[in-house]
Every structure is written in C-alpha cells, then in structure tokens.
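Single-structure report; data block below.
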Amino acid sequence: MRRILFAGKLKIGQKLLWGLLAALALAVLFPVIFLIAGSIMGDDELSTYLGAVISGKEGYVNMPLLPRYPTLSHFVEIFIDSPAFFVMFWNSIKITFGVLIGQLVVGTMAAWGFAKYKFPGKKGFFLLYIILMLLPFQVLMLSDYLVLDQLKLTDNLWGIIFPGIFSTFPVFIVHRFFTEIPDSLIESAKLDGAREWQLFWYIALPIGSSGIIASLVLGFLEYWSLIEQPLTFLKDKSLFPLSIFLPDITNVNKSGMAFAASVVTFLPALLVFLGGQDYLEQGIMAGAVKE
Amino acid sequence: MKLCRRLKSTSRNNKRDLRGILWILPSFAGVLVFYLLPYADVVRRSFLGAVDNQFKGIDNYRLVLDNMAFQLAVKNTVRFTFICIPALILIALVCAVVLQKSRYGGVIKSAFLMPMALPAVSVALMWRLLFHSQGILNDWLSALDINGKDWMNNSSAFWVLVGTYIWKNLGYDIVLWMAGLSGISENIYEAARVDGASEWQCFLKITLPNLKSSLYIITVLSFLNSFKAFRESYLVAGDYPHESIYMMQNLFNNWFRDFSFDKMAAAAVLESAVLLVFIVLFQRALDGKDYV
C-alpha cells in the first residue's frame, strides 16, 4: 500500500518536473519564434506593436506571435534592394567556408598524426594544442594583431581566415574519433601493402567521418557568428560579415528589415543545426567522454 | 647480423617518428606563425615601454594591476564566473536527469540546444526589444502590477548577461551531463532498487558520485564558454556598457583602440598565466583517465 502511494507521488512529481521542463524549453525557444514572427509582419503592424521602442510612444512593446497579414516583403527588400546585405552575406560565406576547408585539410592531418603515430615530444605538443584551444580571444588578441600587421593582413578577409584554419580545436575533436580506430585494422592494411597516405585516405577519413562532420558543425556555428575577430581587424565596411551587422530597429521603416536580416543570418546556422544535431552532440561529448 | 637487424629496426622507428611529425607539420607551422611566435612577442612587449621600446621591467604589470578599469573588469569577470557557472551546471544537471529518463527527451534537448545556433546579432536584436524600458519584459511585469526598469542601463544588466549565458549554454551542458549519465550502468540501479532504495536515494548514492569526473570537465568547458558571453553584451550595450557588465574583453577592446599595447601585453600575459593553471589542472584530471 505504501509502495503504491509512493509511486503515485512520484508520478505526480515527475509530471510536474516534465511540465516545468517543457515550459522552460518553450521559454528557451521564445526568442527564435519571436524573430521569425517579426520578419513576416508588415511595416504597419510592426510600427503599431513596437511603437514604444521605435518611436517613443507611450506604453510597452506588445507583439503577438502571429502576424495578421504575413508578408515576405522584408526578405525581398534585403535580397533585392540592399546590395550591401548581399555583400555581407557573401563575406560570411567566404570566412566560414575558407576556415572550414582549411581546417578540414590541415586539422584532420594533424589529428591523424596525433592519434596513430609515435614521435618524440608528442605529449608536449598535444598539451600545447589543448592550451591554445582553451585560450579566449582576448588573451590572443594582441598577438593576433601583431602577426596580421606583419603579414599585411589587417583589413583583409584572409586575416580572419588564416588564424581560424590553424585553430587547434578541430584537431582535438577529430583526434578523439581517430584514436578509436582499432590498430589491428591499420596493421592489417599495412600487411596488404597500404602506403601511409592510403591509410589516411581509405581508413582514417571514412571511419572518422562522423568526428570530422562533428568538428565542421561546431566550426560552422562558431565562425558563422564570429564577432570579436572581424570587429577588431576589419575596418572596411565592405568586408564586414553578417555576424557583426546590427541592423537599426529604431528606424520605423527599417524594423521589418532588421527582423528579416536576423532571420537570414540565423537560417544557415539553423539548417546546419537541424541537419547535424547528432554530430553536434557527438562533438560536444568528444570534449568530455573518457575512453 | 644482430647489430644489423637492430640498426634496421631503429631506422624504421625513426622513419615512423618522422612520419608522425610530417602529419602534424602543416598544422604546427601555422600554429607557430599565427599563435606561438606572436605570443612570444607579446611576452617580450609586456616588459617594454609603449613608445620608446625601452626595457621597463615589471612596470607595465604594476600599471595594469593598479588600473581602475582592469580591477573593475577582473571583479566583474570573477563575479560573473562564480555566479553563472554553478547555476548553469546545477540547472543542466536537473534537466539532464529528467530528460535521461524519458522517451521524448530528444525533442526537448533539441529545443535547449537551439540557442547555440542563434547568432549573437539575432540575440542582440531580440534583447533590445525584450529589455528596453518600454520593452516586452516590462509589459509582462506591468500585467502583474510590477514596475519594470531599464534593464540594460542598470545593475540588472549583469543578471541579464547571466541569464543569457545560461540560456545559450544550457543545451551544451545538458548534452555533457547526459553523456556522463549514460555511462552509469543500469545494473547498479537495479541492484539498489531490489534492496529497496528510493529514487532519491539512488540519485544521491549512485548518480552523483558517478558524475564526479564529468563535473570537473563540465566546469572547465563552461568556464571557457563564459568568455563568449561578451558577444551579446557587446552587441546590446556597445563599447561602454553599464559598469556591472564591463568585462575583460571590453577592457582589451578599449586598450586596443587606444593603442595601449604595453598594457594589453601585460594583461594578456597575466590572464593567460591564470588560465594556464586552470588548463593544466583540467589536463591532469583527464590524464588520470588515459585521456590523451
């Protein structure tokens, strides 16, 4: 009897917890829903709802999450009428893919070297890589500037891309997946006469592919919303990526565009997130799970 | 003959040594050029005067440590760290334990991970509407007859930043906790339940002790992610935010704009020394478990 009573209590408690969690999840998602709602709302509606912030009206912002007259006009506006936006979008693509392609080549090679070869000082090198991966931008900011200044790469997209390519974070992530490849597999491939690069190409890359994708997903989210580096090293506005474009919402005619621009910035990251969530989780866990 | 064979085998070993180094060479060359050499230059500069490049000993360090803005930034950064990291870790643990037990955990976990993908500019736009003196939050509060305030220009800005950090990183930490939880064998729980242990006792006596090693790693990763909270703070509040959220990155930005490279160099060396201690501890904790 007591046992049953207890089970009942537990169920109520669990339901309560569940309700709380679901509510929390909704609250977490609220900004996302809000941005999308704002981006498909007409100017008239926006200026009514947001009047308090935009034009100093009395009262508060009060925006429903469903527009009365949904419209895509703001998206048309930013893609067709504002070439500057398109340039920024393109800059973001260049930075993100420049870094990711570079990391894919340089990072996976290094990860393979660390995972399956022995050489003197390996532990020390790897510790160095971990330290570099964990230092925040502020610590490396001045050194970054000094080298870019020397190489005449300030105010240049390559000045953002190069330090990104040699980031040690993807090496760390992919290394975790490469070490899990059984040595026996490599030994037997060698007995069959496989060369070193063939081991890398036909064994490491296919078997470690989920780790490589995991590091690419994490990298995409990181470089797509990069703030500190472009803000510090780029002066020329025509080089700005989307991630530092903060549209002016206080202008009555621009607030819709601001929402649409936010959504367009978010969209590629969302697609990568939805397509790569499993890999993203594997990548996050690669930082923590012991062997 | 024996010698010959030994020579052969060492030369093969050397060849293997060389191959390993060749694989990491392209990466390491870049690391050397873009990180290590310039960092060495920063260490050198931290002992030199800004204008005359004369050796000044530890003057720059003294200058930095006496600097009011530096003290404020350190104070805020430490305060931020000590409040938001325990909060984040605890909330994430509770969520992870509940989600772990359920079939629909995956969907909710996705919702929690989503903010990770939301670029800081989008967050900033949202925050301006949410925390404006006539913004959404105050609208909700007024419905409850509570007087709102101008959240971002007030000491409450600090709490907005704490909330933002937790909101952004909750999914990340939940995934880490769930990884730790899934490592605990179900058999232990079964055995305990047979012995009549309640769920709560199971949690205290089995779950928590088994999560110790996860806790350490999650703490370090959360700590390092906490530096990224600057992104939202900068985009919402600009170069000179309310003094309660004036963080290290704000300070470095302002010094960079004024070309105070001497101070930047000394502060960078100081901060990296502090972080290094943390990182070596982190590495130790992992090393003990054959991590590398």
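Determine whether B:ILE146 is of a type outside the set (D, E, K, R), in contact (Cβ under 8 Å) with a residue 24 or more places away in the chain and either more than 25 Å from B:TYR216 (Cα to Cα) or surrounded by 15 or more Cβ atoms within 10 Å (Cβ to Cβ) (or both).
Working: of a type outside the set (D, E, K, R): yes; in contact (Cβ under 8 Å) with a residue 24 or more places away in the chain: no; either more than 25 Å from B:TYR216 (Cα to Cα) or surrounded by 15 or more Cβ atoms within 10 Å (Cβ to Cβ) (or both): yes.
So B:ILE146 does not fit the description; no.
Residues being under 10 Å from A:LEU221 (Cβ atoms) and of a type in the set (D, E, K, R): count how many of those fall in the range A:268-288.
Result for the range A:268-288: 0.
Has the range A:248-255 got at least one residue that is surrounded by 19 or more Cβ atoms within 10 Å (Cβ to Cβ), more than 7 Å from chain B (Cβ to nearest Cβ), part of a helix (DSSP H, G or I) and at pLDDT 90 or above?
For the range A:248-255, residues surrounded by 19 or more Cβ atoms within 10 Å (Cβ to Cβ), more than 7 Å from chain B (Cβ to nearest Cβ), part of a helix (DSSP H, G or I) and at pLDDT 90 or above: absent.
In this structure, does A:SER215 turn out to be at pLDDT 90 or above, away from chain B (no Cβ under 11 Å) and surrounded by 23 or more Cβ atoms within 10 Å (Cβ to Cβ)? First the steps, then the outcome.
Numbers: at pLDDT 90 or above: yes; away from chain B (no Cβ under 11 Å): yes; surrounded by 23 or more Cβ atoms within 10 Å (Cβ to Cβ): yes.
So A:SER215 passes the test.
Could you go through the range B:73-93 and let me know if any residue there is within 9 Å of chain A (Cβ to nearest Cβ) and under 17 Å from B:THR164 (Cβ atoms).
Yes: one or more hits.
Of the residues A:PRO247, A:PRO206, which single one is of a type outside the set (Asp, Glu) and under 27 Å from A:VAL171 (Cα atoms)?
Numbers: A:PRO247 fails: under 27 Å from A:VAL171 (Cα atoms).
When all the criteria are applied, what remains is A:PRO206.
Taking helices (runs of 4 or more DSSP H) that fall entirely within the range A:131-202, which contain at least 1 residues that are out of contact with any helix residue (DSSP H, G or I) (no Cβ under 7 Å at 6 or more places or on another chain) and more than 9 Å from chain B (Cβ to nearest Cβ)? Full working, then the answer.
Numbers: elements: A:137-150, A:157-165, A:169-178, A:183-191.
Per the criteria, A:137-150, A:157-165, A:183-191.
Taking into account only those residues within the range A:7-58 that are at pLDDT 70 or above and part of a loop (DSSP other than H, G, I, E, B), which is nearest to the other protein chains (Cβ to nearest Cβ)?
Within the range A:7-58, the match that is nearest to the other protein chains (Cβ to nearest Cβ) is A:LEU50.
Hey, does the range B:41-62 have a residue that's over 20 Å from A:LYS118 (Cβ atoms), modelled with pLDDT under 90 and among the β-branched types (Val, Ile, Thr)?
Within the range B:41-62 (the criterion being over 20 Å from A:LYS118 (Cβ atoms), modelled with pLDDT under 90 and among the β-branched types (Val, Ile, Thr)), the answer is yes, since at least one residue qualifies.
Any residue at all in the range B:210-218 that is surrounded by 22 or more Cβ atoms within 10 Å (Cβ to Cβ), away from chain A (no Cβ under 13 Å) and assigned to a helix (DSSP H, G or I)?
Scanning the range B:210-218, I find no residue that is surrounded by 22 or more Cβ atoms within 10 Å (Cβ to Cβ), away from chain A (no Cβ under 13 Å) and assigned to a helix (DSSP H, G or I), so the answer is no.
What's the total number of residues in the range A:265-279 that are of a type in the set (D, E, K, R) and either surrounded by 19 or more Cβ atoms within 10 Å (Cβ to Cβ) or at the interface with chain B (Cβ under 9 Å from one of its Cβ atoms) (or both)?
Within the range A:265-279, the first condition is being of a type in the set (D, E, K, R), and the residues that meet it are A:278.
Adding the requirement that they be either surrounded by 19 or more Cβ atoms within 10 Å (Cβ to Cβ) or at the interface with chain B (Cβ under 9 Å from one of its Cβ atoms) (or both) leaves none.
Looking only at that region, the number is 0.
Please name all residue pairs, on different chains or six or more residues apart, with Cβ atoms under 7 Å, provided the first residue is in the range B:120-135 and is without any contact (Cβ under 8 Å) to a residue 24 or more places away in the chain and more than 7 Å from chain A (Cβ to nearest Cβ) and the second residue is in a helix (DSSP H, G or I) and not hydroxyl-bearing (Ser, Thr, Tyr).
B:LEU130/B:ILE136; B:LEU130/B:LEU137
Mind listing whichever residues of the range B:79-134 are in a helix (DSSP H, G or I), farther than 30 Å from B:THR207 by Cα and not aromatic (Phe, Trp, Tyr)? If you could, list the steps in order and put the result at the bottom.
Within the range B:79-134, the subset in a helix (DSSP H, G or I) is B:79-100, B:105-117, B:120-131.
Subsequent filtering for residues that are farther than 30 Å from B:THR207 by Cα retains B:117, B:120-131.
Within the range B:79-134, B:ALA117, B:ALA120, B:VAL121, B:SER122, B:VAL123, B:ALA124, B:LEU125, B:MET126, B:ARG128, B:LEU129, B:LEU130 qualify.
What number of residues within the range A:76-130 are farther than 22 Å from A:TYR223 by Cα, of a type in the set (Lys, Arg) and in a helix (DSSP H, G or I)?
3
So, in the range B:234-262, how many residues would count as being closer than 16 Å to A:PRO136 by Cα and either more than 10 Å from chain A (Cβ to nearest Cβ) or at pLDDT below 85 (or both)?
Total satisfying the criteria: 1.
Please enumerate the residues belonging to the range A:95-121 that are in contact with a helix residue (DSSP H, G or I) (Cβ under 7 Å, 6 or more places away or on another chain) and free of Cβ contacts under 8 Å to residues at least 60 places away in the same chain.
Those that are in contact with a helix residue (DSSP H, G or I) (Cβ under 7 Å, 6 or more places away or on another chain) and free of Cβ contacts under 8 Å to residues at least 60 places away in the same chain: A:GLY113, A:TYR117, A:LYS118, A:PHE119, A:PRO120.
The values are calculated or read from the model by the stated rules, or taken from the named source; none is laboratory data. Bear in mind that the values here come from a model prediction, so they are computed numbers and not experimental data. With ideal geometry, Cβ positions are generated from the backbone for all residues, glycine too; neighbour counts draw on all protein chains shown.
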